[in-house]
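Undergrad: Starting off with a structure, shown below.
The values are calculated or read from the model by the stated rules, or taken from the named source; none is laboratory data. Bear in mind the structure is a predicted one, so any value in this text is a computation, not a measurement. So basically every Cβ, Gly included, is an ideal-geometry build from the backbone, and we count neighbours across all protein chains shown. Please note that ligands, DNA and RNA were not included when accessible areas were found on the heavy atoms of the full protein model with its side chains. Shrake-Rupley method; radii C 1.70, N 1.55, O 1.52, S 1.80 Å.
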Amino acid sequence: MNQEIPLPVSLQQLEIACKGFITEVVCADVAHDITHIERVVRVAKQLCIAEQANMAVVLPAAWLHDCVAVAKNHPDRAKASTMAADKAISFLASIGYDQQFFTAIHHAIVAHSFSANIQIQSVEAQIVQDADRMDALGAIGVSRCMKVGGSISRHLYHPQDPFCQQRKADDTLYTLDHFFIKLLHIAKSMNTPSAKTEAKRRTDYMLAFIEQLKSEVGKEL
């Protein structure tokens, strides 16, 4: 998934407006900066083409899905995607975007979140969710996980049992445990065929990373 997707002039203008808007949002954490948004948009475009979905819905939803910043440990975390959807629609209305897409965009943003646990009702919402979750996989997924762990001073791994063979994983203490709790299972949650294929490729990379880490720390997996 590495090709750039050409867009009609009107959608290019929308991208410029959305990027300007989202750049002003304070990030919820170090893994949700503008580069995360840009990667999600890039993958969402590719999935949209592959799945023959509506770019007029997918593109703004991908750009604006994190336009409200709520930390993962905040009590309002489960409401974050709804707040983002509301804010996104207000912004799109302010720039005169076509209102016929508002309901579908709002749903795609609300439903993308793990925390919200909303049933997905459209292929466009599936794509936005898949693109967001894809960014937790592969080389960038490893990098983001380590970046978050370092920012909150978590240990890299349990010194006696790095790979959770004899203990329950606890990613509040050990960054590597997050792989076993969540990251290695994300591929199974993908919605679209195109995303499933790419997610498997990225997960295979993460498994290879763990094997390499095993050899370097001298612990059996």
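Undergrad: How much net charge surrounds Ile127 when only other residues with a Cβ under 10 Å from its Cβ are counted (Lys, Arg +1; Asp, Glu -1)?
TA: Its environment carries a net charge of -3.
Undergrad: Can you list the residues of the stretch 114-152 with backbone N under 13 Å from a point 7 Å past the Cα of Ser189, pointing along Cα to Cβ?
TA: Under cut-off, by backbone N: 114-120, 129-137.
Undergrad: Using θ = phi - 60° and the Karplus relation 6.51 cos²θ - 1.76 cosθ + 1.60, list the HN-Hα couplings for the stretch 170-186 in order, rounded to whole Hz, with x at every Gly or Pro.
TA: Taking θ as phi minus 60°, the curve returns 9, 7, 7, 10, 10, 4, 4, 4, 5, 4, 6, 6, 9, 4, 6, 9, 4 Hz for the stretch 170-186.
Undergrad: Here's a follow-up. Remind me, relative contact order of the stretch 9-132 in percent, using alpha carbon pairs under 8 angstrom and six or more residues apart?
TA: Reported as a whole number, the value is 27 percent.
Undergrad: Could you give me the ³J(HN,Hα) list for the stretch 47-55, computed from phi with Karplus coefficients 6.51, -1.76, 1.60 and θ = phi - 60°, whole Hz, x at Gly and Pro?
TA: 5, 4, 5, 4, 9, 6, 9, 8, 5
Undergrad: When the solvent-accessible surface of protein heavy atoms is calculated with a 1.4 angstrom probe, in what order do Asp66, Asp86 fall, highest first?
TA: Descending accessible area places them as Asp86, Asp66.
Undergrad: With an 8 Å cut-off on Cα pairs and a minimum separation of 6 or more residues, tell me the relative contact order of the chain in percent.
TA: Once divided by the residue count of the chain, the mean separation gives 18 percent.
Undergrad: Still on this structure: Need one word for the stretch 9-132: rounded, prolate or oblate. Basis is the Cα gyration tensor (sqrt eigenvalues a ≥ b ≥ c); a/c below 1.5 gives rounded, then a/b vs b/c decides.
TA: Because its axes are fairly even, with a/c under 1.5, the stretch 9-132 counts as rounded.
Undergrad: In addition: Taking the Cα centre of the stretch 9-132 as origin, work out the dipole magnitude from +1 charges on Lys and Arg Cβ and -1 charges on Asp and Glu Cβ, in debye rounded to 20.
TA: 80
Undergrad: In whole Hz, what ³J(HN,Hα) sequence does the stretch 95-108 give by Karplus (6.51, -1.76, 1.60; θ = phi - 60°), x for Gly and Pro?
TA: 9, x, 5, 4, 5, 5, 9, 4, 4, 5, 5, 4, 4, 4
Undergrad: Only Lys, Arg, Asp and Glu count, each charged at its Cβ (+1, +1, -1, -1), so figure out the dipole size of the chain about its Cα centre, rounded to 20 debye.
TA: Dipole about the Cα centre, nearest 20: 400 debye.
Undergrad: If you stretched the chain out fully between Ser215 and Lys182, how much longer would it get, using 0.36 nm times the residue separation minus the C-alpha to C-alpha distance?
TA: The span from Ser215 to Lys182 would gain 9.6 nm if fully extended.
Undergrad: Over the stretch 136-217, calculate the relative contact order: mean separation of alpha carbon pairs under 8 Å at least 6 apart, over the residue count, as a percent.
TA: Across the stretch 136-217, relative contact order equals 32 percent.
Undergrad: Could you work out how far the C-alpha centroid of the stretch 136-189 sits from that of the stretch 80-110, in angstrom?
TA: Rounded to whole Å, the Cα centres lie 33 Å apart.
Undergrad: Additional query: Mind checking which lysines have their Cα closer than 20 Å to the Cα of Lys200? Skip sequence neighbours fewer than 8 apart in that chain.
TA: Qualifying lysines at Cα under 20 Å: Lys45, Lys182, Lys188.
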